[in-house]
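A short worksheet on the structure shown next.
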Amino acid sequence: MDTTLRVNHLRVEYPAPSEPGGVKLAVNDLSFEVRRGEVFGFLGPNGAGKTTTMNVLLGYVNATGGSAELFGVDVRQPIARQRIGYLPELTYYYRFLTAEELLRFYARIFGLNHHTASRRIDELLKLVELDGVRRRPIRTYSKGMQQRVGLAQALINDPDLLLLDEPTSGLDPIGRMKVREIIQRLQQQGKTVFFSSHELGEVETVCNRVAILHQGCVQEQGHVSDLVAKYQCDLEQVFLKVVGYPSPPRHE
């Protein structure tokens, strides 16, 4: 399979006067790759380096060492990011806009003509099941609906790679299910999805492969089924074992 995303010996340091040596090592010798058409889960406790890695991929942060590539192009080149869509963990939209107006705004940013924009908006609002409320202000949307309109904006340019940072954070079970169904539909369309999440049950259901980070390093990676078989437990327990967190005692 073609490699869509490759990270090779990535290292990211931040100035931190309170730390020994005056720097904080956020990512340390990080290596993994994501193949075309797969759903890849990027897991780790808070502070493990997930968001820093995503910021490198998006061009927001420069790496101290190593490399990162999108579609075989160094992420520092603007052309590398033309084929990606991004949904941050914390979204903010002009809440007086409707979903249709919001998507048309992002379509203009990507230079889509009116006809193409209209077609994409219709397709995406149906995909995220918001077509019936497309002319309602976003301020009237539930948290789950706002998250789904965020997914739609991340897809407006028809990207080949979708980066999602905690896409189901704060959603109720129905909201998580709808986001999961959208991710599965995108994979069926041949899209590559790379996302971080703390909802390990969702990850186990939807992901082909995962990487588990701890203290800036990949501690374990592979197919979900292989990791579950290797550790003889579900993905949540695999995660706890890999990051060194003691499992809760079993109650008979």
For residue 231, net neighbour charge (Lys/Arg +1, Asp/Glu -1) across residues whose Cβ lies under 13 Å away: -3
Model label zone, residue 245; criterion: amide N under 13 Å from point 7 Å along Cα-to-beta-carbon; scope region 17-33: none
The chain: angle of helix 114-127 to the longest principal axis, Cα-based, in degrees nearest 10: 60 degrees
Label point distance in nm, residue 58-residue 46, each placed 7 Å from Cα along Cα→Cβ: 1.9 nm
Helical mean residue ellipticity (222 nm; -39500 (n - 2.57) per DSSP H run of 4+; nearest 500) of the chain: -10000 deg cm²/dmol
DSSP-loop chymotrypsin sites (Phe, Trp or Tyr not before Pro) across region 27-90, with at most 12 other Cβ within 10 angstrom: 60
Amide H within-cut-off set for residue 217, under 5 Å, with H built and near neighbours excluded: 28
D (Stokes-Einstein, µm²/s), Kirkwood Cα radius, the chain, 1.306 mPa s at 10 °C: 83 µm²/s
Among beta bridges that DSSP assigns inside the chain, antiparallel share in %, nearest 5: 60 percent
Cβ-defined net charge surrounding residue 123, 10 Å radius [Lys, Arg +1; Asp, Glu -1]: 0
Placed amide H near residue 44: partners under 5 Å, 5+ positions off or other chain: 197, 213
Whole-Hz couplings from phi, Karplus 6.51/-1.76/1.60, listed for region 73-84; x for Gly and Pro: 10, 4, 4, 6, 8, x, 4, 5, 9, 6, 10, 10
Residues of type lysines that residue 241 reaches as a straight line, Cα spacing below 18 Å, ignoring anything fewer than 8 places off in the same chain: 230
Cα-centre dipole for region 1-77 with unit charges at Cβ (Lys and Arg positive, Asp and Glu negative), debye to 20: 100 debye
Net charge contributed by nearby residues that have their C-beta within less than 15 Å of residue 91 (K/R +1, D/E -1): +1
Area of residue 13 that stays accessible when all protein chains are in place (1.4 Å probe, Å², to 10): 60 Å²
Potential lengthening between residue 174 and residue 223 on full extension [0.36 nm per residue; Cα-Cα distance subtracted]: 15.0 nm
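The values are calculated or read from the model by the stated rules, or taken from the named source; none is laboratory data. This is a predicted model, so every value here is computed, not measured. Cβ: placed from backbone, ideal geometry, glycine included. Neighbour counts: every protein chain shown. Side chains are part of the model used for accessible areas, which takes the heavy atoms of the whole protein and leaves out ligands, DNA and RNA. Shrake-Rupley method; radii C 1.70, N 1.55, O 1.52, S 1.80 Å.
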